[in-house]
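The values are calculated or read from the model by the stated rules, or taken from the named source; none is laboratory data. Here the structure is a predicted model, which means the values were calculated and not measured. Glycine also receives a Cβ, built like all others from the backbone with ideal geometry; neighbour counts cover every protein chain displayed. Quick note on the areas: whole protein, heavy atoms, side chains included, nothing else; ligands and nucleic acids left out. Shrake-Rupley method; radii C 1.70, N 1.55, O 1.52, S 1.80 Å.
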Amino acid sequence: MSVNNGRVVNLEENPIAPQNTTEEEEDLLGGMDLEKIFGIIRKNFIWLFLMPLVCLSAGYLFLRYTSPVYESSSSIKLEIKQKANLLGITDPQQDNVANISGEIELIRSKLIYDEVIKRMDLNVSYVAYGRSRIKNEERYLSSPFRVEYTIHNPSVYDQPFDLTITDDNQFVLSYSLGGQESTQKYAFGQEIRTNDFHFIVRKTPFYNPEGSQGPYYFVVNSPGGLSSYLSDNLRVEVVNPSANIIGIFFKDENVTKAHDVVNTIDSVYLTKTKELKNKANKQKILFLEEQLQKTENELQSYESELEAFISRNKSTDIQADVGKFADKLDELIKARTELETQLALLDRLQELINSKSNLALFIPSLSLLEDNQLGTIAADINRLEQEKAMLATTTRETTTAYRTKEKQIQLSRERIAALISHSKKLISTKVNQLNADIGQVERTFANLPAKGTEYNRIKRLKDLKEKYYLLMIDKKAELGIAEAGTVEEFVVLSPASKPVIPIYPNKLMIYAGCGFAGLFFSFLIIGSKYLLHDTISNQRELERATSAPILGIIPAYTREKMDVSRLVVHRNPKASISEALRSIRTNLDFIFSTHQKKKIISITSTISGEGKTFVAINLGGVIAMSGVKVVLIDLDMRRPKVHLAFDEENFNGISTLLIGKHTLAECIRKTSIETMDFIAAGPTPPNPSELILRPEFDKLLKDLHQQYDIIVIDTPPIGLVTDGVLVMRKSDLPIYVVRADYSKRVFIKNINKLIKNNNFSKLAVVLNAFQTLGQYGYGGYSYGYGQNYYEDNEEAPKGVDKLKGLLSKIR
């Protein structure tokens, strides 16, 4: 019997049936294992704090070294008074003036930009370098120096010139142009002349001998660069469309500069709008007069072209002409078809004449031919052929009458052949003439749609120009009335503001985004580790993967670090690992029947390093501590380790015992537990599997049963050699060791295959080296213990030492 999930399972009465490993793997991979997720979170707990901290630190650095951007704004109300309405006359300009979209485009036009650039001192930008030259500050209207310039080479525009003030009278100017670098000291007010530019640098009232040394740089802005600067940072929106209110927004790193730009745009817009509105009507009327004259000339041209078309084609009804030519074309094609039919009859008749075939059946068809002689001669030939046939029945072919008949037939055939040739020539001539006529008609017919299209085009253009001409006359009259009826007024509702809070970067959004990003990356790491985790981590995962019952869970042991597996239960009887092994010992009592006194327990695993030797040694020790006589056999003759656990030599053991070199008494060795002995593996033989198959091995087990109650066998890993399977067949209870966070999921397939292929219905699994933080539990019973691990002469899972240190710090 065994305990599995808190239930007692009778392994003898309910042998485990073979399971579908594919379904088990799908269930293992498809379900969400919360216990494993919590375990991964526990092991990577530091990342849940580290990643948000790193992201928040990145956000802080971003805010620390990013220059804030401020936005100044103003609002303008457009008002239009219509005096012409007092006369009861509708103003055609009203919709255009009220079109706010047009006003927005005017504000964003190059016309406004150029005037703003002229009014403001934007041609040269002065910037003070920040610490580490990361966060620079523009000195708008507060630069300690100003530059007077003349540019000879356009490449000088938009290039930075570094300037460092050395004393009250001198400065150092550094720049790079055309791949050539220059650094030179100059005096304030001195002319700096090169082939590319002419500079004069002068001090301003903002110069401070103590705090104006720099370093600085200045840029001579190109007109295109300044227009792009204004366009990129200017935003114009409709604040209230029903009230015709427009909002003007401008952003810049310098508050004063943003404020001045908005104020200047307001002023320029009002000025330019007034100028444009005063000129608009006159320009429109002038334009209409020019268009009227041009349209009148074009209208006369189209009228003349239409008259010439009618005179040239002598018709204005193209559709009627199309019908006439279509009827004529049908008649010509019909005549050509009849002639082609006659040619085909002549060709057939010629074939019959040349082949001297019977013409009787073909003669009626000759009535379709125009030349009746062909039918007459064909009838004569047919008659002569019949007379010849009758004559052949009464006379010989050598007679004069017979030869005369043949001569008549020959002459008729030559005559009809000549007539056929002559008729074919005549008909071919007629066909060629008809083809020429048809081609001429088809060409004329094909040109008719083009002529119709041309006529419609000329007439349509004439009509359009005529309507356009009349429309412009009406518009000219309307504009004349509107010109005296419009009075424009523009009001700045709120002047440009001086912002205090920057619009960028938004501290709250930056910190919130960085915090969420940190949490996202933290959970991304956890999720990645969960998806990439391919080892067995906990009991639930093991239960879902295998059909074998779980005999028990052994916690990791790190009270002392061991290079090889050791017997530890007798030194730490109250430790959690001892409690876990005693729980397994209790489960063994349920598995074995009460009348079964002598038992063989084999312990194996998939690969080395999963702790089978450690489990075998300490499970044997726990059983022996209950007063039962136990012997431990090391059958892992390729890599023997049991003798190392007891600090013994491996000069004799199973290998020498099975070949008769030593006796059983010579090979049995004592341990620190009185009722527990062990037999080492002995020197490594070349054929361990053959030694196990010998009758001597069965006899050895029988002899050991005479002295001991329990035989615990440490077998080789099944995933590497087959020796373990041979021993498992001889054992009463095969135990398969799986190491937590070390054994791969695919290893569990070996357990299912063993059950299915070898009918190991009593095989049970032990989960070894289970990691936890303060509690070990199985079957509803728990023990408190620290987080430990041990090594079985194998490298521990990667990262365990680091994880141990992190967890100890957290605790």
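Side notes on the structure shown:
- Heavy atoms of the protein chains alone define the surface here; on that basis segment 684-755 has 39 Å² accessible area per residue at 1.4 Å probe size.
- Using a Förster distance of 60 Å, the FRET efficiency for Ser672-Ile525 (Cβ separation, nearest 0.05): 0.85
- Full extension of the chain between Asn757 and Leu276 yields a length gain of 163.4 nm, computed as 0.36 nm times the residue separation minus the alpha carbon distance.
- Shown in residue order for segment 121-133 are the 3J(HN,Hα) couplings computed by the Karplus curve 6.51 cos²θ - 1.76 cosθ + 1.60 at θ = phi - 60°: 8, 10, 5, 10, 9, 10, 10, 9, 5, x, 5, 6, 6 Hz (x for Gly and Pro).
- Atom-type composition of the exposed protein surface of segment 484-566 places 67 percent of the accessible area on carbon and sulfur (1.4 angstrom probe).
- Placed amide H near Ile633: partners under 5 Å, 5+ positions off or other chain: Ile679, Val712, Ile713, Asp714
- Exposure of Lys507 as accessible area (Å², to 10), given a probe of 1.4 Å and all protein chains: 130 Å²
- Residues of segment 554-681: accessible area per residue with a 1.4 Å probe, Å²: 37 Å²
- Available extension along the chain between His570 and Lys356 is 64.0 nm, counting 0.36 nm per residue and deducting the alpha carbon span.
- Backbone phi angles across segment 384-397, fed through the Karplus curve with coefficients 6.51, -1.76 and 1.60 (θ = phi - 60°), yield HN-Hα couplings of 4, 5, 5, 5, 4, 5, 5, 5, 5, 7, 10, 10, 8, 6 Hz in residue order; Gly and Pro are listed as x.
- For Leu493, distant residues with modelled amide H under 5 Å away: Ser75, Ile76, Lys77
- Note on segment 638-698: with neighbouring protein chains present and a 1.4 Å probe, carbon and sulfur make up 52 percent of its accessible heavy-atom surface.
- Kirkwood-Stokes translational diffusion coefficient of segment 497-588, alpha-carbon pairs, 25 °C, 0.890 mPa s, µm²/s: 130 µm²/s
- Amide H contacts under 5 Å for Tyr504, placed H, 5+ residues apart: Val69
- Among the listed pairs Lys118/Lys476; Lys388/Lys430; Lys110/Lys257; Lys641/Lys730, those beyond 30 Å (Cα-Cα): Lys118/Lys476; Lys388/Lys430
- Of Val492, Val564, the residue with the largest accessible area leads and the full order is Val492, Val564 (1.4 Å probe).
- Extension gain, His152 to Ala335: 0.36 nm times the residue separation minus the Cα-Cα distance gives 57.2 nm.
- Local electrostatic count, Arg108, Cβ distance below 12 Å [Lys/Arg +1, Asp/Glu -1]: -2
- Distance in nm between pseudo-label sites at Ser228 and Ser174 (7 Å out along the Cβ direction from Cα): 2.6 nm
- Estimated from the Cβ-Cβ distance and a Förster radius of 56 angstrom, the FRET efficiency linking Leu56 and Glu105 is about 0.80.
- Near Gln159, once Lys and Arg are set to +1 and Asp and Glu to -1 for all other residues with Cβ below 13 Å from its Cβ, the sum equals -4.
- Residue pairs exceeding 29 angstrom between C-alpha atoms, taken from Lys274/Lys294; Lys702/Lys744; Lys561/Lys749; Lys612/Lys699: Lys274/Lys294; Lys702/Lys744; Lys561/Lys749.
- For segment 50-61, backbone phi angles converted through the Karplus equation (6.51, -1.76, 1.60; θ = phi - 60°) give residue-by-residue couplings of 5, 5, x, 5, 5, 5, 5, 5, 4, x, 4, 5 Hz, Gly and Pro being listed as x.
- Separation of alpha-carbon centers, segment 714-756 and segment 150-175, rounded to whole Å: 81 Å
- Sequence of Leu693, Leu346 when ordered by accessible area, the most exposed leading, probe 1.4 angstrom: Leu693, Leu346
- Sequence of Glu331, Glu696 when ordered by accessible area, the most exposed leading, probe 1.4 angstrom: Glu331, Glu696
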